[in-house]
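Contents: one structure, followed by commentary.
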Amino acid sequence: MAVAAILAACSADLVPRVPPSSGMSQQELAGLELFNSGGCTACHAVRGVGGGRGPDLSRAGLTWDAEAVRAVLASPDDPRRHAFAHLTPEDLDALLAFLRSLR
Ligand code: HEC
């Protein structure tokens, strides 16, 4: 009990973690995990969880479809590329599925 409580407190302290919402697909959950483990919440908030250095992404699904990300990736100088530059195609798909679910 005590150990579990300490572990929970520690991982919660490292970076804010956006909780899953009901009805998310496996791919969206994988993307959420990438979002949480990738440090995105250090700068971006989703539904009130996360930092404020970058834009709030709570409604990212309204602006971030596959075409929008492809356009960003094709523009190496685009500051928004930061989020996608190091991802494998599978991880990119998952992160996008998660971002698209936010609306
Ligand atoms: C060090 C802070 C920081 C981190 C970490 C970070 N971002 Fe960002 N992000 C920003 C800033 C600042 C902008 C605004 C850039 C601009 O448009 O000039 C931005 C822009 C974005 C945008 C575009 C938002 C819009 O509406 O145009 C998306 C999407 C995004 N980030 C996703 C992510 C994801 C996904 C991660 C994690 C893999 C991440 N970011 C990590 C700071 C950060």
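Worth pointing out:
- Condition met for Ala66 (without any contact (Cβ under 8 Å) to a residue 60 or more places away in the chain, under 14 Å from Phe98 (Cβ atoms) and among the small types (Gly, Ala, Ser)): yes
- Helices (runs of 4 or more DSSP H) contained entirely in the range 16-103, each with at least 1 residues that are under 13 Å from the mean Cα position of the chain (by Cα): 26-37, 89-101
- Residue, farthest from Pro19 (Cα to Cα), within the range 55-68, restricted to residues that are within 8 Å of the ligand (Cβ to nearest atom) and touching a helix residue (DSSP H, G or I) at 6+ places or on another chain (Cβ under 8 Å): Trp64
- Scanning the range 13-44 for residues that are within 15 Å of Ser101 (Cα to Cα) and within 8 Å of the ligand (Cβ to nearest atom) returns Leu34, Phe35.
All of the numbers you see were taken from the coordinates with simple rules; none came from a lab. Remember, predicted model here, so these are calculated numbers, not experimental data. Because the Cβ atoms are built from the backbone with ideal geometry, glycine has one as well, and the counts that use them run over all protein chains shown.
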